[in-house]
1. I want to confirm something. Restricting to segment 35-56 and keeping residues that are at pLDDT 95 or above and either touching an Asp or Glu at 6+ places or on another chain (Cβ under 6 Å) or small (Gly, Ala, Ser) (or both), which single residue is nearest to Glu8 (Cα to Cα)?
2. May I ask you to list the residues in segment 1-18 that are at pLDDT 90 or above and over 10 Å from the mean Cα position of the chain (by Cα)?
3. If you go through segment 32-53 one residue at a time, do you hit one that is exposed (fewer than 10 other Cβ atoms within 10 Å of the Cβ) and of a type outside the set (S, T, N, Q)?
Amino acid sequence: MQKQARIEPVFDSSDLKETITAWVVIDESQPDNENVVSEHATQDEALRAAERFEQAEH
């Protein structure tokens, strides 16, 4: 089965402002069982991690 991942921002919602505090890579290979596989400080790091996750042998 081919692995598929997406990235999403993690928000800190305080003082009526939403600030992105991190980015997570989510394994969505099995839509009924999505899992966070890693967390990153920047969107670029998360994108690279998602690409590596999708290309890794399982």
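The values are calculated or read from the model by the stated rules, or taken from the named source; none is laboratory data. All of these numbers come straight from a predicted model, not from anything done at the bench. For neighbour counting, all protein chains shown are included, and Cβ atoms are generated from backbone atoms with ideal geometry for every residue, glycine included.
1. Among those residues, the one meeting the criterion is Ala46.
2. Listed by number, the residues that qualify are Lys3, Gln4, Phe11.
3. Scanning segment 32-53 turns up at least one residue that is exposed (fewer than 10 other Cβ atoms within 10 Å of the Cβ) and of a type outside the set (S, T, N, Q).
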